[in-house]
Every structure is written in structure tokens, then in C-alpha cells.
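What follows draws every value from the coordinates through simple rules; no lab data is involved. Nothing here was measured: the structure is a model prediction, and the numbers come from that model. Neighbour counts are summed over all protein chains in view; Cβ atoms, including those assigned to glycine, are modelled from backbone coordinates with ideal geometry.
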Amino acid sequence: MPPVPKIQVFHEAGQRLELRDLGSHIELMIGGVPILTSKSLGTEFAFGRLAETIRSKTPRVLVGGLGFGRTLAGVLEVVGPNAHVIQVEKLQTVVDLVKGPLHHLTPGVLNDPRVELILDDVASVIARSRDLDMILLDVDNGPDWASFRSNARLYGHMGLLKARQALRPGGSYVVWSGYPADGFLKHLRSAGLIASVMPLKERGKVRARAYVGRTRN
């Protein structure tokens, strides 16, 4: 018989959120659907480490979606001491969990002096940003499945154009996906981005993918 999960309930943005400790892993649920799971921390860390491709000595990186903090931890491991990492999270509940009861998953990432935490909608932050080397977007399970209805604009044509405007020449807009979503590549190309896909592995197996749209130099 599976263990009875330990459940904590939170309410924010008109949503009921459940943090479920299942013993082997932890999940954050919205409306009965897991939006975060500690099962995928390896792929999220690898996703953040994609920032190692940035050539600037003073990289500017925007991370959309705090999750359990592992994407941010991956970025911080590779970007060097002069980086400016903008971490955007919509839900105060998620920030409080990473700072508090889930601190052990990614100790101290939000206390790093390179990190600027912005509590806001990531699409709004992207729209007012400029000169970014990379945008790493991990706010949904993928470009075809939005946790919040408003997130869908991140993957549409206008949202991609705004992302391109926020990037420096040679910068990248990178979307985490827990499932194959190769149809998204054509949307990246239609926005004038050079599109590619990279596998993200967990314990040697491909568990997720990074969809990359790079601006031209």
C-alpha cells in the first residue's frame, strides 16, 4: 500500500495549491494537476546549466519560474561571479516554500548576491526587459500545457517577438518541456529565431527537452 501523503494547502491567485510529500518525492499541485515535482530536479538543474553557453563575462540571465530552485541553482553554478540573474516567480507561495520548508532542495539560491528576485508575471517582465543573454522559461510542463491561462502568450507569436526584443544578438529563449513538443520549433522560426532542441537527461535517460530559439548575431 502506498504511503499516505502529507499535505499542506495554500491559496493564492484564486487557486488552491497542495504541497504533497509522498516520501519518495514532493509535488506541488494546482487543481489536482502536479505543476512541480522533485522527480525532475536533475533535468531542471541541467536546464539551468545551459547558461554555460553564454560568452559574455557579465551575463544577464532571466529565469522564468522558480520551481523548487534547481534551474536557478544550475544557472548560478556556471555563469561566474559577475552575472546578473533575474529570477521571476508569480506565486509568493513558491518563494516561501523554497526559502522555508523546501530550503534543503536548493540551499541559499535566493540569497546569492547575483540574484534579483521579482514577484510578477514573467511575460510582463520579459516585455520590459532588454539586453538579456538568455531567457530560461520553466513555468509550465511545456509549450502546449500552461499552468495559468495567461502563460499561453509566452509561446504565441507576439510573445516570442517580445522575447526576441528582450535578447541581445546571439541571445537565446529556452523553454523547458517534459514531453516532446517539436511543433513548437516552427513557432520559434516564425518569430525569426534559430530553432533547435536539446535533450535533458535524468539518471542517463532523456526525461525532458529544452526548446531553444536563438537570435542572430
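Across the stretch 39-214, C-alpha contacts under 8 Å between residues 6 or more apart give a mean separation that, scaled by the residue count, equals a relative contact order of 21 percent. Remark: spin-label model distance residue 114-residue 190 equals 3.6 nm, labels positioned 7 Å along the Cα→Cβ axis. In order along the stretch 88-99, phi translates into HN-Hα couplings of 10, 9, 7, 9, 4, 4, 5, 4, 5, 5, 5, 7 Hz, rounded to whole numbers, per the Karplus curve 6.51 cos²θ - 1.76 cosθ + 1.60 with θ = phi - 60° and x for Gly and Pro. Evaluated with a Cβ-only charge set (Lys, Arg +1; Asp, Glu -1), the stretch 86-215 carries a dipole of roughly 460 debye about its Cα centre, given to the nearest 20.
For the stretch 65-142, just say rounded, prolate or oblate: build the C-alpha gyration tensor, square-root its eigenvalues into a ≥ b ≥ c, call rounded for a/c under 1.5, and beyond that prolate if a/b exceeds b/c, oblate if not. List each step's numbers first, then the result.
Values: a/c = 1.71, a/b = 1.15, b/c = 1.48.
Verdict is oblate for the stretch 65-142.
Taking Lys and Arg as +1 and Asp and Glu as -1, the other residues whose beta-carbon sits under 13 Å from that of residue 93 total -1. Inter-label distance, residue 82 to residue 7: 5.2 nm, where each label sits 7 Å from its Cα along the C-beta direction.
Looking at the square roots a ≥ b ≥ c of the eigenvalues of the Cα gyration tensor of the stretch 30-89, which shape do they give, rounded for a/c under 1.5, prolate if a/b is larger than b/c, or oblate? Don't skip to the end; give the middle numbers.
Values: a/c = 3.34, a/b = 2.07, b/c = 1.61.
Since a/c reaches 1.5 and a/b is larger than b/c, the shape of the stretch 30-89 is classed as prolate.
Taking amide hydrogens as placed 1.01 Å from N in the peptide plane, the amide H of residue 181 sits under 5 Å from that of no residue at least 5 positions away in sequence or on another chain. For residue 35, nonlocal amide neighbours, meaning residues 5 or more places apart or on other chains whose placed amide H falls under 5 Å from its own, are 28, 29, 30.
With only Lys, Arg, Asp and Glu charged, each at its Cβ (+1 for the first two, -1 for the last two), find how big the charge dipole of the chain is about the Cα centre; round to the nearest 20 debye. Before the final figure, lay out the partial values.
On the way: 28 positive and 20 negative charges, 154 e Å.
Computed charge dipole of the chain: roughly 740 debye.
Here the Karplus curve 6.51 cos²θ - 1.76 cosθ + 1.60, taken at θ = phi - 60°, turns the phi angles of the stretch 181-189 into couplings of 9, 5, x, 5, 4, 5, 5, 4, 5 Hz, with x standing for Gly and Pro.
For the stretch 97-185, just say rounded, prolate or oblate: build the C-alpha gyration tensor, square-root its eigenvalues into a ≥ b ≥ c, call rounded for a/c under 1.5, and beyond that prolate if a/b exceeds b/c, oblate if not. Oblate shape, in that a/c is at least 1.5 and b/c is the bigger or equal ratio.
Near residue 134, the amide H atoms lying under 5 Å from its own belong to 60, 62, 172; only residues 5 or more places off or on other chains count, and H is placed 1.01 Å from N. For the stretch 51-56, putting each phi into the Karplus relation 6.51 cos²θ - 1.76 cosθ + 1.60 with θ = phi - 60° gives couplings of 5, 5, 7, 5, 8, 5 Hz, in residue order, rounded to whole numbers and with x for Gly and Pro. Just checking the listed ones, 87, 165, 15: in the Gaussian network model of the chain with Cα springs under 10 Å, the one fluctuating most is 15. Cross-link reach is defined here as a Cα-Cα straight distance under 22 Å, omitting same-chain residues fewer than 8 places apart; for residue 201 the lysines meeting it are 39.
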